[in-house]
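Read the structure below first, then the notes.
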Amino acid sequence: MAGSQLKQLKSALKEKGLIGQTNTNKKKAAKSRTSRRNEVDRDLRQQNLNVVRDQFNKFDQRINRTKHDITIASKDGFVKVGSKQHNAVTAKNGAMQKQMKMQYDLEKEKRGKTGGILDKRFGENDAHLTQEEKMLARFTKERQAAASGSRKKGLYSLQSDDEDEDDFEDGGFQLTHSGQALSLDDEETIKYVDEVQGEEDEEAPPRKKSKNEVMKEIIAKSKYYKQQRQQTFAKAQDQIDALDDDFGDIMQDLRSTQVAKPQFSQKAPEDIEYDNKVRELTYDRRAAPADRTKTDEELRREHEEKMKKLEQDRLKRMEGFNDREVEADDLDGEEFWGGDSDDEGNGFSIRSDGEEPIVEESNEEGENIAKSRTSNNSPAVLMPTSLEDFINQINSVEIDQQASHIRKICDAYKPNLAMGNKEKMNQFVSILFEYVLHLADTFQPFEPVVKILKNLANTYNQELVERMRGYLSDIETRSGGETKLKPSDLMYFVIVALLFSTSDHYHLIVTPSVILMNQILSNIIYHPRDVGQLAQGVLLVDVLLQYQRFSKRYDPEVVNFIEHSMKMLVPGELDSENLLSMADPSVRYNVSKSTKFTQDHVLSIKEIFDGNLSEAKLIIKLIHLMDKSVQLWRDKPSLIELLSSYIAILKHMIKYTSVDPIPQLLTKFTNLQTQSIKSRKPLTLQHHKSIAIATHAPKFEENFNPDKKSYDENKDRQELSKVRQQLKKEKKAALKDIRYENRFVAREQIGEKKKMYDEYHRKMANIVNTIQADEGAEKNQYERERKRQRK
């Protein structure tokens, strides 16, 4: 093969049909089709590649060379000893390969077959034979075999043939008396034979019976007993037939003896009524003992256990260990609601008009509901289908009667009153949610409606969840860029904290709301428009801290916003050396040094959006949020850095005012910082036991002997070490044999599968060829017939 090695490789690959165009000549069309079919066979392609690779990779070939070339004869011809072909033939035809092949074939034959002993005795596989018939048939065959053997032995016997024929006539024997044949069907004959035999036994001395006599006696008794059974069975059948013939007459006599029942009852009406009452009492359910009245201590213990379980479930959800599938929210369960407890139901003290804060529902609500149910002078209530319908309907109701009107709608459309009321109530709850947002936008009091919404959301929440998720998407779309929020947007975040469990590790409404509020805070920090927008951010900070009141997760955006807002608002220049936020705000709203500060820090939504908010009030609100965040994160390791930042702000503020709670908070934060510094321990490396560096000095044996395996003087230890080494060697050899056998079995199984697949494809090809041939013949016949008809 001339040329470079690359050219040789290309030529070899093209020769094997692995590269290049193979259908350039029309004369080689049949050959190209054959090559294309062969290319589909991946095994053949891989085999060709291996041949080319072995041909060019000379260094990968391992050949056991001998000193002299020795050629031996094999089935495939003459091969050199030590060559690759010789090694393959040796491995294929070795003794171990043959033994494994025999073992594999033997296991293959036994595969799927149950072991055990096959009973080939006569009658064991026939279920219609009785035990006596089986024994008799076996004995008969045994005697016949013995008789046939005795005939062969008595081939040169001097006994006449007539005697042999008489002995074995009619089944091998015949009973005679005084030269006359006896019949076993006659009972007298059998009795006579028994008596004669008895007399002979008494007169003659006892002698041992021959095998022929024993056989005849057994057969005679068997026939006799069989005849007795047949006669007994025939008598029983005759009796049964007689009874069957007389059965009709007996039943007719029994029917005639029955006394006719009276058609009318002779009982008095009182007795009949009594019987009916007794019959009804039999179907009444028996009285079961009722649950005993529990003591106050037991009720308190059950309530504590229930609350403890709910708290454990909440902690699991907070840590993210929730076994159930992710859903919008299981609002029907008490674990998502405060219930009667103060778990997470307490809301915020954020006022809508500066009059009343949002608090929990009072005990007077039940009385108001009862009064609304008993009122008879109220007009007919209709279920609204949209927010506009509800606004038009409730505008005709006084403000203090709106809550009663909503309760009347709920009472009129309870799910147990009519079909479809549950779907209407689900829609009505989502309308109430939209109405609360409408009240927030118009700065109207919304506290009573929020209370009702929270109570109704316990049961009707299907459309409410979907509506709240849609509204969250609207806020995200509108809050981009300049962060333009509406009062309803702030109210939405407050409602989320009232309706859902905000401590969960992941929640389909709470988690996106937290992310969106942090994004809004970042936009307000770096792109503020006015003080009102800062007030919106302050409200969001208060809401975020309220979200984390149970889980206590650290929110860096909250601290960042508080520090940036204080930098914008405080009088003078705030030193930012100890602050966590290193960025300097580009816009400032510094209040005057002569500004008077008050203790009022409660914000209302109307006050935030009116534009009349005082910067001094906003500063006091931020200072209260500092205290709230420290109380929330006082167990965090980073409390020292947080307190350092807050202490620097309070020290700057105390220069201009000493209004409460600035001095108290400064003292409190300083003490907490001192305690935290004392309790903080720096990280240290792990302490390990000192380990000396291993030194390996060469060991010299004075009395070295290459034939000596061990220098241990203890003979027992030498023997034990020898056994261990031998065991290790045997174990290694056994594992090697097992792997070798497993590879052999795998090759055999693959070969069988290939053979099966080839046989299947060959069979299918023959079927397809046969079908195509038949179809071609039919098609040609059809064409000939059509041409003939045209002519």
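The values are calculated or read from the model by the stated rules, or taken from the named source; none is laboratory data. Note that the structure is predicted; figures quoted are calculated from it, not measured. Cβ placement follows ideal geometry from the backbone for every residue including glycine, while neighbour counts extend to all protein chains displayed.
Quick check: is even one residue across segment 563-575 of a type in the set (Asp, Glu), more than 25 Å from SER658 (Cβ to Cβ) and either crowded, with 21+ Cβ neighbours inside 10 Å or at pLDDT 80 or above (or both)? Write out each step before concluding.
Residues of segment 563-575 of a type in the set (Asp, Glu): 563, 573, 575.
With more than 25 Å from SER658 (Cβ to Cβ) added as a condition, the list becomes none.
No, there is no match, as no residue in segment 563-575 is of a type in the set (Asp, Glu), more than 25 Å from SER658 (Cβ to Cβ) and either crowded, with 21+ Cβ neighbours inside 10 Å or at pLDDT 80 or above (or both).
Quick grid of which residues meet (1) in a loop (DSSP other than H, G, I, E, B); (2) over 29 Å from ASP627 (Cα atoms); (3) at pLDDT 90 or above:
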| site | (1), (2), (3) |
| --- | --- |
| GLN444 | yes, yes, no |
| ILE452 | no, yes, no |
| THR483 | yes, no, no |
| MET517 | no, no, yes |
| GLN533 | no, no, no |
| VAL541 | no, no, yes |
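Need a quick list: helices (runs of 4 or more DSSP H) entirely within segment 352-434 having at least 3 residues that are modelled with pLDDT under 90 and within 12 Å of ILE452 (Cα to Cα). Give the derivation first.
Working: elements: 364-374, 387-394, 402-412.
Once the helices (runs of 4 or more DSSP H) in segment 352-434 are filtered for at least 3 residues that are modelled with pLDDT under 90 and within 12 Å of ILE452 (Cα to Cα), what remains is 364-374, 402-412.
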Please tell me if ILE767 is β-branched (Val, Ile, Thr), within 30 Å of GLN99 (Cα to Cα) and modelled with pLDDT of 90 or more. no
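This table checks each residue for (1) hydroxyl-bearing (Ser, Thr, Tyr); (2) at pLDDT 70 or above; (3) farther than 30 Å from GLU748 by Cβ.
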| site | (1), (2), (3) |
| --- | --- |
| THR66 | yes, no, yes |
| LYS80 | no, yes, no |
| LEU106 | no, yes, no |
| ILE117 | no, no, yes |
| GLN131 | no, yes, yes |
| MET135 | no, yes, yes |
| PHE139 | no, yes, yes |
| GLN144 | no, yes, yes |
Among the residues of segment 626-640, what is the count of those that are closer than 15 Å to LEU579 by Cα and loosely packed, with under 15 Cβ neighbours inside 10 Å? 1
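Only one of SER488, SER513, SER501, SER522 is on the phi < 0 side of the Ramachandran plot, touching a residue at least 12 places away in the same chain (Cβ under 8 Å), touching a His at 6+ places or on another chain (Cβ under 8 Å) and assigned to a helix (DSSP H, G or I); which?
None of the others qualify; the one that does is SER488.
Would you check if there is a residue in segment 341-351 being in contact with a strand residue (DSSP E or B) (Cβ under 8 Å, 6 or more places away or on another chain) and either at pLDDT 70 or above or surrounded by 12 or more Cβ atoms within 10 Å (Cβ to Cβ) (or both)? Steps first, answer last, please.
Restricting attention to segment 341-351, the residues satisfying the condition of being in contact with a strand residue (DSSP E or B) (Cβ under 8 Å, 6 or more places away or on another chain) are 350-351.
If we keep only those that are either at pLDDT 70 or above or surrounded by 12 or more Cβ atoms within 10 Å (Cβ to Cβ) (or both) too, we end up with 350-351.
Yes: one or more hits.
From the list ILE654, ILE623, ILE662, ILE605, which one is under 22 Å from TYR554 (Cα atoms) and either surrounded by 15 or more Cβ atoms within 10 Å (Cβ to Cβ) or outside the structural domain of HIS438 (by TED's automatic domain parsing) (or both)?
Working: ILE654 fails: under 22 Å from TYR554 (Cα atoms); ILE662 fails: under 22 Å from TYR554 (Cα atoms); ILE605 fails: under 22 Å from TYR554 (Cα atoms).
Among ILE654, ILE623, ILE662, ILE605, only ILE623 is under 22 Å from TYR554 (Cα atoms) and either surrounded by 15 or more Cβ atoms within 10 Å (Cβ to Cβ) or outside the structural domain of HIS438 (by TED's automatic domain parsing) (or both).
Restricting to segment 656-671, count the residues that are assigned to a loop (DSSP other than H, G, I, E, B) and β-branched (Val, Ile, Thr). Give the derivation first.
Residues of segment 656-671 that are assigned to a loop (DSSP other than H, G, I, E, B), as a first pass: 656-661.
If we keep only those that are β-branched (Val, Ile, Thr) too, we end up with 657, 659.
Result for segment 656-671: 2.
Out of segment 609-645, which residues are assigned to a loop (DSSP other than H, G, I, E, B) and polar (S, T, N, Q)? Lay out the reasoning, then the answer.
Restricting attention to segment 609-645, the residues satisfying the condition of being assigned to a loop (DSSP other than H, G, I, E, B) are 611-614, 633-638.
Answer for segment 609-645, where residues must be assigned to a loop (DSSP other than H, G, I, E, B) and polar (S, T, N, Q): ASN612, SER614, SER638.
Which residue out of GLN675, GLN686 is free of Cβ contacts under 8 Å to residues at least 12 places away in the same chain and part of a helix (DSSP H, G or I)? Full working, then the answer.
Working: GLN686 fails: part of a helix (DSSP H, G or I).
The match here is GLN675.
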Going residue by residue through segment 592-600, is there one that turns out to be crowded, with 18+ Cβ neighbours inside 10 Å, modelled with pLDDT under 85 and either polar (S, T, N, Q) or out of contact with any strand residue (DSSP E or B) (no Cβ under 8 Å at 6 or more places or on another chain) (or both)? yes
Looking at (1) in contact with a helix residue (DSSP H, G or I) (Cβ under 6 Å, 6 or more places away or on another chain); (2) in a loop (DSSP other than H, G, I, E, B), find the lone condition where LYS593 falls short. (1)
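What is the residue count in segment 454-463 for residues that are touching a residue at least 40 places away in the same chain (Cβ under 8 Å) and outside any loop (DSSP other than H, G, I, E, B)?
Taking segment 454-463 first, the residues touching a residue at least 40 places away in the same chain (Cβ under 8 Å) are 454-459, 461.
Among the residues that remain, those that are also outside any loop (DSSP other than H, G, I, E, B) are: 454-456.
Matching residues across segment 454-463 total 3.
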Being under 14 Å from LEU622 (Cβ atoms) and without any contact (Cβ under 8 Å) to a residue 60 or more places away in the chain is the filter here; which residues of segment 591-609 pass it? VAL591, ASP600, HIS601
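Given the criterion out of contact with any Ser or Thr (no Cβ under 6 Å at 6 or more places or on another chain) and within 19 Å of LEU545 (Cα to Cα), identify the matching residue among SER522, SER488.
On the way: SER488 fails: within 19 Å of LEU545 (Cα to Cα).
Of the residues listed, the single one that is out of contact with any Ser or Thr (no Cβ under 6 Å at 6 or more places or on another chain) and within 19 Å of LEU545 (Cα to Cα) is SER522.
Right, ASP60: out of contact with any Asp or Glu (no Cβ under 6 Å at 6 or more places or on another chain) and modelled with pLDDT under 70 or not? Don't jump to the end; show me each part of the working.
Values: out of contact with any Asp or Glu (no Cβ under 6 Å at 6 or more places or on another chain): yes; modelled with pLDDT under 70: yes.
For ASP60, the condition - out of contact with any Asp or Glu (no Cβ under 6 Å at 6 or more places or on another chain) and modelled with pLDDT under 70 - is met.
Do we find a residue being among the acidic types (Asp, Glu) and either closer than 29 Å to PRO571 by Cβ or at pLDDT 90 or above (or both) anywhere in segment 639-648?
Filtering segment 639-648 for residues among the acidic types (Asp, Glu) gives 641.
Filter once more, so that each one left must be either closer than 29 Å to PRO571 by Cβ or at pLDDT 90 or above (or both): 641.
Yes, the conditions are met somewhere in segment 639-648.
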